[in-house]
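Working notes for the structure below.
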Amino acid sequence: MSNKSILVLHGPNLNLLGVREPEHYGKTTLEDINQALTKQAQQAGVNLECFQSNSEAELVTKIQSIAAKKVDYVIINPAAYTHTSVAMRDALSAIKVPFIEVHLSNVYAREAFRKHSYFSDIAIGVISGLGAKGYELALDYAIEKINHS
Ligand code: DQA
């Protein structure tokens, strides 16, 4: 295991994946996603932590905690907070750790309010609409970047 670490953050209602609007979010549960990411990270010799919260305050506190730990990359699906949270954006700007924004659904093919993200312009990149595969691709990219830095 290397000393490199990646944090995966899941926003509100993502604990309901598998049962919640599968036409938008698929049938894969959050546990399935986290297990697959953990395995992928283990194979690459990288530490991975997954954290889900329905609370904006908890997510901000978790992002702030990165400053004290050593986290090399963040993968975040801010869920509904994508479209509302200046506080989470500011926390990510403050800690200055590169992050990838992931959405299971294609937010550009849905309601107008989902087209605006408070995160995309400060993210390294955005993956939207590829379902659970989006997390896998984001992790693949993050692993490649931190292993070559
Ligand atoms: C989401 C898209 C958001 O608009 C929505 O509020 C979510 C999930 C996605 O993964 O597609 O909760 O981030």
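Over the chain, dividing the summed -39,500 (n - 2.57) contributions of all DSSP H runs of at least 4 residues by the number of residues returns a 222 nm mean residue ellipticity of -11000 deg cm²/dmol.
Might you tell me the accessible area per residue for segment 5-147, computed with a 1.4 Å probe and given in Å²?
Working: 6770 Å² over 143 residues.
It amounts to 47 Å² per residue over segment 5-147.
Here Lys70 is the anchor, and the lysines within straight C-alpha reach of less than 24 Å, apart from those fewer than 8 places off in the same chain, are Lys4, Lys39, Lys62, Lys96, Lys145.
As a rough guide to protection, the peptides 6-15, 45-54 ranked by mean Cβ packing within 10 Å, highest first, stand as 6-15, 45-54.
State, as an integer percentage, the relative contact order of the chain based on alpha-carbon contacts under 8 Å between residues 6 or more apart.
Values: 252 pairs, mean separation 40.8, N = 149.
Worked out over the chain, it gives 27 percent.
Only Cα pairs under 8 Å and 6+ residues apart enter the sum, and on that basis the relative contact order of segment 79-149 stands at 35 percent.
Counting protein heavy atoms only, segment 49-137 has 57 percent of its accessible area on carbon and sulfur, 1.4 angstrom probe. Amide H contacts of Tyr73: Ser5, Leu7, each under 5 Å away and 5 or more positions distant or on a separate chain (H built 1.01 Å from N in the peptide plane; Pro and chain starts excluded).
The values are calculated or read from the model by the stated rules, or taken from the named source; none is laboratory data. Quick caveat: nothing in here was measured; it's all calculated off a predicted structure. All Cβ positions, glycine included, derive from the backbone under ideal geometry; neighbour counts span all protein chains shown. In case anyone asks, the SASA skips ligands and DNA or RNA and just uses the protein heavy atoms, side chains included. Shrake-Rupley method; radii C 1.70, N 1.55, O 1.52, S 1.80 Å.
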